[in-house]
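The values are calculated or read from the model by the stated rules, or taken from the named source; none is laboratory data. None of these values were measured; they are calculated from a predicted model. Positions of Cβ are generated from backbone atoms using ideal geometry, with glycine treated the same way; all protein chains shown enter the neighbour counts. Calculation scope for accessible area: heavy atoms of the full protein, side chains included, ligands and nucleic acids excluded. Shrake-Rupley method; radii C 1.70, N 1.55, O 1.52, S 1.80 Å.
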Amino acid sequence: MVNNAGVNNEKDWEKTINVNLTSVIRGTYIGLEHMSKKNGGQGGVIINISSLAGLTPAAYQPVYSASKHGVIGFTRSIAALASIGNYGVRINTVCPAFVDTPLLETIEKEENMGEFYQYKDKLKDMMKCYGVLDPSLIAKGMVSLIEDESSNGAVMKITTSRGIHFEDFGAHQTTKI
Ligand SMILES: NC(=O)C1=CN([C@@H]2O[C@H](COP(=O)(O)OP(=O)(O)OC[C@H]3O[C@@H](n4cnc5c(N)ncnc54)[C@H](O)[C@@H]3O)[C@@H](O)[C@H]2O)C=CC1
Ligand SMILES: CCCCCC(=O)/C=C/[C@H]1C=CC(=O)[C@@H]1CCCCCCC(=O)O
């Protein structure tokens, strides 16, 4: 199961929280209800799509960034629970930098950017500086997470400079108790 739906809307920021975070939480719980071996399910893999903006501050997209930080916190927490509870379900998150999809067109719209519309050129400069990923690399990262049976609670990052790699949380990697 992939919880992928997302919006970039700082003007209607409650919608951003609802679509980017609340629906990921709801989707994950529904997925677990059907997939968890504790409920007679067959197990499986859930991937929740976050963003690099879920790991760094994003000055012109504060609520988008907050929603994506939430996705990472929720996913890592529920992944720890799934492991402790032997659900047979692995849950991971993917954090791409800019990707060439229609979402990027929202930068040009006041109805999406709201008061941050004035900074649209700065976002465009960031895209020029960091580059824009082809969606096929995100698909590749997702397939590797599905195939790697050891991955649970992983935070995969995908950037033009480093390709597919992982966030290292050090001592905070897993719940110990
Ligand atoms: N394009 C980018 O630069 C990046 C995108 N992401 C994330 O990747 C995911 C996919 O986005 P993209 O393909 O880039 O954008 P997109 O705008 O092309 O696709 C978003 C999808 O979400 C769906 N969606 C939006 N609101 C919905 C709702 N209320 N109910 C059901 N579906 C809804 C849309 O129908 C659309 O299919 C999102 O979570 C986004 O935040 C993460 C990092 C970078
Ligand atoms: C702009 C609307 C769509 C947002 C899509 C998205 O999630 C992009 C997030 C970026 C916006 C601000 C950020 O800080 C995010 C990441 C910027 C890329 C950083 C790349 C770093 C590197 O290549 O090492």
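Classify region 22-103 as rounded, prolate or oblate from the Cα gyration tensor: take a ≥ b ≥ c as the square roots of its eigenvalues, call it rounded if a/c is under 1.5, otherwise prolate when a/b beats b/c and oblate if not. Taking the square roots of the gyration eigenvalues as a ≥ b ≥ c, region 22-103 is prolate. Charge dipole (Cα centre; +1 on Lys/Arg Cβ, -1 on Asp/Glu Cβ; no other charges) of region 52-146 amounts to roughly 460 debye.
Residue ranking by accessible heavy-atom surface, 1.4 Å probe, largest first, among 113, 126, 35 comes out as 126, 35, 113. Per residue, region 44-160 exposes 47 Å² of solvent-accessible protein surface, assessed with a 1.4 angstrom probe and all protein chains in place.
Which residue fluctuates the most in the chain, going by a Gaussian network model with Cα springs under 10 Å, if the choices are 162, 90, 26? Evaluated over the chain, the most mobile residue of the options is 162. Dividing the radius of gyration of the alpha carbons in region 70-143 by their Kirkwood radius gives 1.13 for Rg/Rh.
If amide H atoms are built 1.01 Å from N in the plane of the peptide, which residues on other chains or at least 5 residues away come under 5 Å of the amide H of residue 133? Excluding prolines and chain starts, which carry no amide H, the hits are 98, 99, 100. Of the residues 100, 148, ranked by 1.4 Å probe accessible area with the largest first, the sequence reads 100, 148.
Sequence-distant contacts, meaning Cα pairs under 8 Å at least 6 residues apart, place the relative contact order of the chain at 23 percent. Would region 123-163 count as rounded, prolate or oblate if I go by the C-alpha gyration tensor, calling it rounded below 1.5 in a/c and otherwise prolate when a/b exceeds b/c, oblate otherwise? Cα axes put region 123-163 in the prolate bin.
Along each principal axis, taking the top coordinate minus the bottom one, the Cα set of the chain gives 51, 33, 29 Å in descending order.
Computed log10 I(q)/I(0) for region 93-177 at 0.13, 0.22, 0.23 Å⁻¹: -0.56, -1.03, -1.08, from the Debye equation with unit scatterers placed on every C-alpha and solvent omitted.
The residue among 144, 98, 161 whose Cα reaches farthest toward the positive pole of the charge dipole of the chain, with charges on the beta-carbon of Lys, Arg, Asp and Glu, is 144. The residues 60, 29, sorted by heavy-atom accessible surface at 1.4 Å with ligands and nucleic acids left out, run 29, 60 from largest to smallest. Here region 23-77 has 55 percent of its accessible surface on carbon and sulfur atoms, given a 1.4 Å probe and all protein chains in place.
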